[in-house]
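*Asks:* Let me give you the structure first, and then I'll get to my questions.
The values are calculated or read from the model by the stated rules, or taken from the named source; none is laboratory data. Remember, it's a predicted structure, so these values are computed and weren't measured experimentally. Virtual Cβ from ideal backbone geometry, glycine too; neighbours counted across all protein chains shown.
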Amino acid sequence: MAQPSTRQELIDFCKRRLGAPVLEINVDDDQLDDLVDDALQYFQERHYDGVERMYLKYEVTQEDIDRGSASGTSGVGIVTTTATSTSISGYGTTTTNWYETSNFLQVPDSVIGVEKIFKFDVSSISGGMFSIKYQLFLNDLYHFNSVALMQYAMTKSYLEDIDFLLTPDKQIRFNKRQDRLYLDTNWSEQSVGNYFVLDCYRALDPANFAGVYNDSFLKKYLTALIKKQWGQNLIKFKGVKLPGGIELNGREMYDDAERELQQLKESMSTEYELPPFDLIG
C-alpha cells in the first residue's frame with residue numbers, strides 16, 4: 001500500500017522499496033520491530049511533525065503541597081542520598097548525607113519537552129480588577145480618543161517590565177527520561193484546587209494519528225535502517241559463492257545505507273527540525 005496507515009503496512013512498504021517480493025529481505029521480524037521503534041523515536045524527538053504543542057492543565061492536591069513544602073532532613077517528600085568516600089590513609093572513609101525535596105510533578109510519558117509554566121501567582125501589576133493595568137484601561141481608555149495608542153502601548157510595555165522584575169517566572173526543570181517536572185517555588189503558598197498550565201510538546205502516538213506512518217521522511221528513514229540491517233546480516237557471508245557464481249556483498253549494502261542515513265540526518269537538521277529559540281526569525 002502506497003500510503004501506509006498501520007505499523008505492518010509501513011514495514012511492507014519499506015520492504016517493497018528494497019525489492020520485495022522479488023528479492024528476499026533477510027531481516028528478522030524482531031529486528032524489523034526494533035527498527036520501527038528506533039525510527040519512530042527519532043521522528044518524534046527531532047521532526048517538527050512528530051510532536052504537537054499542548055497546553056496541559058493540572059490541579060494541585062494537598063499531597064503535592066506536602067511534598068513540595070517539606071523542609072529539614074526528614075518527613076514527607078524528603079529524599080536522602082548517602083555518599084561514601086574512598087579510604088583515607090590514617091582516617092578511613094567519610095560518609096555524608098544529602099537531602100532533597102520531592103518538589104516535582106509526574107508528567108505523561110508522551111511529553112518530550114516543556115517550554116514553560118504560565119504564572120501561577122497574581123501580580124499587582126497585571127492581575128485582578130484592582131491591578132494597575134486594569135485601572136489604566138478603565139480610567140484612560142473609556143473611549144478610543146481619550147489617549148494616543150502609542151502612549152498606551154509604551155505605558156503597557158513599561159508596566160510589563162516592572163512586572164517581570166518584581167514577579168519573574170518561576171524556575172522549572174524537566175528531564176524526559178525521568179518524566180518529572182520540578183517546580184522551584186514556595187509550595188506552601190499554593191492552595192488545593194489551584195491549576196498549573198503547562199506549555200509543552202507531546203509526541204504524536206501513531207496508534208491515534210495514523211498519518212504518522214505515511215510521513216515521507218519516516219518512510220525513507222526506516223527503509224535506510226532496514227537496508228543497513230540487511231547488509232549487517234549479510235556481511236558474514238562475504239566471499240560465499242551462490243549457485244550461478246553470485247556473491248552476496250553485504251558490506252557494500254551496509255555502506256550505501258550508512259550514506260543514505262547520513263544524508264537523511266543532515267536533511268533533518270536543515271529542513272525538518274525546529275530552529276533553536278535564538279535563531280527564530
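*Asks:* With (1) more than 19 Å from Arg17 (Cβ to Cβ); (2) modelled with pLDDT of 90 or more; (3) hydrophobic (A, V, I, L, M, F, W, C); (4) under 27 Å from the mean Cα position of the chain (by Cα) as the list, and Val192 as the residue in question, which single condition is left unmet?
*Replies:* (4)
*Asks:* Could you name every one of the helices (runs of 4 or more DSSP H) located completely within the range 1-101 that has at least 2 residues being basic (Lys, Arg)?
*Replies:* Working: elements: 7-17, 29-46, 62-68.
It comes to 7-17.
Here's the yes/no breakdown for (1) assigned by TED's automatic domain parsing to the domain that holds Val111; (2) more than 30 Å from Tyr182 (Cα to Cα); (3) modelled with pLDDT of 95 or more:
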| position | (1), (2), (3) |
| --- | --- |
| Lys15 | no, yes, yes |
| Leu18 | no, yes, yes |
| Pro21 | no, yes, no |
| Asn26 | no, yes, no |
| Asp33 | no, yes, yes |
| Ala39 | no, no, yes |
| Glu59 | yes, no, no |
| Glu63 | yes, no, no |
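*Asks:* Next up: Could you list all residues from the range 22-60 that are of a type in the set (Val, Ile, Thr) and surrounded by 11 or more Cβ atoms within 10 Å (Cβ to Cβ)? Walk me through it before giving the result.
*Replies:* Residues of the range 22-60 of a type in the set (Val, Ile, Thr): 22, 25, 27, 36, 51, 60.
Answer for the range 22-60, where residues must be of a type in the set (Val, Ile, Thr) and surrounded by 11 or more Cβ atoms within 10 Å (Cβ to Cβ): Ile25, Val27, Val36, Val51, Val60.
*Asks:* Now for a separate question. Find all pairs meeting these conditions: Cβ atoms under 9 angstrom apart; at least six residues apart or on different chains; first residue within the range 56-84 and on the phi > 0 side of the Ramachandran plot; second residue of a type in the set (S, T, N, Q) and surrounded by 12 or more Cβ atoms within 10 Å (Cβ to Cβ).
*Replies:* Gly77/Ser69; Gly77/Thr101; Gly77/Ser102; Gly77/Asn103
*Asks:* So Gly281 fits all but one of (1) at pLDDT below 95; (2) more than 27 Å from Asn26 (Cα to Cα); (3) in the same structural domain as Leu18 (by TED's automatic domain parsing); (4) of a type in the set (Gly, Ala, Ser); what number is the exception?
*Replies:* For Gly281, the exception is condition (3).
*Asks:* Which of (1) of a type outside the set (Asp, Glu); (2) at negative phi; (3) surrounded by fewer than 17 Cβ atoms within 10 Å (Cβ to Cβ); (4) out of contact with any Ser or Thr (no Cβ under 8 Å at 6 or more places or on another chain) does Ala210 not meet, given it meets every other one?
*Replies:* (4)
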